[in-house]
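Have a look at the structure below, then the notes.
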Amino acid sequence: GSSARAVFPGRAAAGEGPSWAVCAAGMVQQEPARAPEPPAAGETGAATAEVRLVRRRWVVVLLFSSYSLCNAFQWIQYGSISNIFVHFYGVSAFAIDWLSMSYMLTYIPFLFPVAWLLDRRGLRLIALAGSALNALGAWVKLGSLKPHLFPITVLGQVICSLAQVFILGMPSRIASVWFGSHEVSTACSIAVFGNQLGIALGFLVPPVLIPNVEDEERLAYHISIMFFITAGVATALFILVIIVFKEKPSHPPSRAQALIQSRPTEEYSYVQSILRLLRNANFLLLMVTYGLNTGCFYALSTLLNRMVIHHYPGEEVNAGRIGLTIILSGMVGALISGIWLDKTKTYKQTTLAVYTMSLVGMVAYTFLLSVGHLWVVFVTAGMLGFFMTGYLPLGFEFAAELTYPESEGTSSGLLNVSAQIFGIAFTIGQGQIMDHFGTKAGNLFLCSFLFLGTIVTAFIKADLRRQQANLDNEQTVIRYGERPEGPRSSSAPTCCSGR
């Protein structure tokens, strides 16, 4: 056997505590060793805390996923039929692009205050604020059903973009606070799943509800139907959040979460947490690569209608369906990635493979967009979406591993800031390139940055701190006679070296 490691740095030394060995019959036996030294107070609390999973966790993650869906729908509802809104409001295509980019721009200055609130006040307050602002923004848009009221629709979109600040950093935090160590990646994927489904509906529903007609009154009527439905759904979800959403479960769901909850509140400093994250070289590399990938996705989503209509005039509905294909295939990719991570814990290898395939998909989409066959565009867009959109929960979970025990809300927030900055730059840059040099040049612009991101990803070291904390706490539990969390085989108990 080998010596067991303690949870906190400085408490473990070679030969400290009992060592364990697995005999041929599969039983755990203790070899002769000196008596174990009692653990530190925080370690004792984490080791002896009762770990239990509650059914409400699925209701919480599905409710979050639902209001995230509604907010994401409002992000892309203008961009998916940008040519129709250009005609209705009498503004430029660039002005309509800014309705999507407002989500990116608003996020950057408000991230740190919201992340601080998340750490200080917890999940419930953030959930209430996000769902309330989402509903408010949807109702404000109902006041913009005349061509001269474009500023009102801008105001409604800005309010929705503020709601997004209270939403984007939540998936990994909800997964860690509510779910066990064997299901956190799947839970994070489900939380991200709602956001992606909202974007998918944002591509699918507006072209169906709002036909490209010349009559302004008919157009206003169809737009009002979409706005009323959105406002009603957003309000119902806000009410459900008030009734259902709880701060945290009654018992920690994992040993790693028990360790965090056992830490005295006064030990935590939000500013110091950010500084530690910014000194973490692996996390900084991930910030860059996540920003490059997600920024490309934001630009592609915002400008998709313009690209497709340029090559296939009059195909607004199919442009929306292509966007839907990108997102739906990405949702499948995200779910598969989450399940795969929970089973294998191969964060670095999976992230690199998915990033590489995102580049391949983008190259294929770039050169096949103009072939003249829509079915080819659907196939390549589906391949691109499977990997590019499927990467999003991978980035959140890899960050949570690299930065444990720092707040998942802070690490996710920094990833999203990177994504918004690159998203604005790529949307403006690709839009200008498309206007002057064509769609292929604009897409090659994105390909070059995905190639850079793939190279940088290869240099990230897989320092899986959260997994190590769970293993260390499991060892501590075994040493002091407690049963560790998670599924257990009756014939082969879990040893300190793994299953």
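The values are calculated or read from the model by the stated rules, or taken from the named source; none is laboratory data. Just so we're clear, the structure is a prediction, and the values are computed from it rather than from any experiment. Using ideal geometry, Cβ is built from the backbone for each residue, glycine included, and neighbour counts are taken over all protein chains shown. Side chains are part of the model used for accessible areas, which takes the heavy atoms of the whole protein and leaves out ligands, DNA and RNA. Shrake-Rupley method; radii C 1.70, N 1.55, O 1.52, S 1.80 Å.
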Item to complete: Report, ordered by the first and then the second residue, all pairs with beta carbons closer than 8 Å, sequence separation of six or more or different chains, a first member in region 159-184 that is of a type in the set (D, E), and a second member that is open to solvent by 10 Å² or more (accessible area, probe 1.4 Å).
Response: E183/D342
Worksheet item: Has region 384-405 got any residue that is over 26 Å from F112 (Cα atoms) and among the β-branched types (V, I, T)?
Response: no
Fill in: Those residues of region 118-127 which are surrounded by fewer than 22 Cβ atoms within 10 Å (Cβ to Cβ), touching a residue at least 12 places away in the same chain (Cβ under 8 Å) and not basic (K, R), in sequence order
D119, G122, L123
Worksheet item: In this structure, does G130 turn out to be outside any helix (DSSP H, G or I), small (G, A, S), within 20 Å of S407 (Cβ to Cβ) and open to solvent by less than 30 Å² (accessible area, probe 1.4 Å)?
Response: no
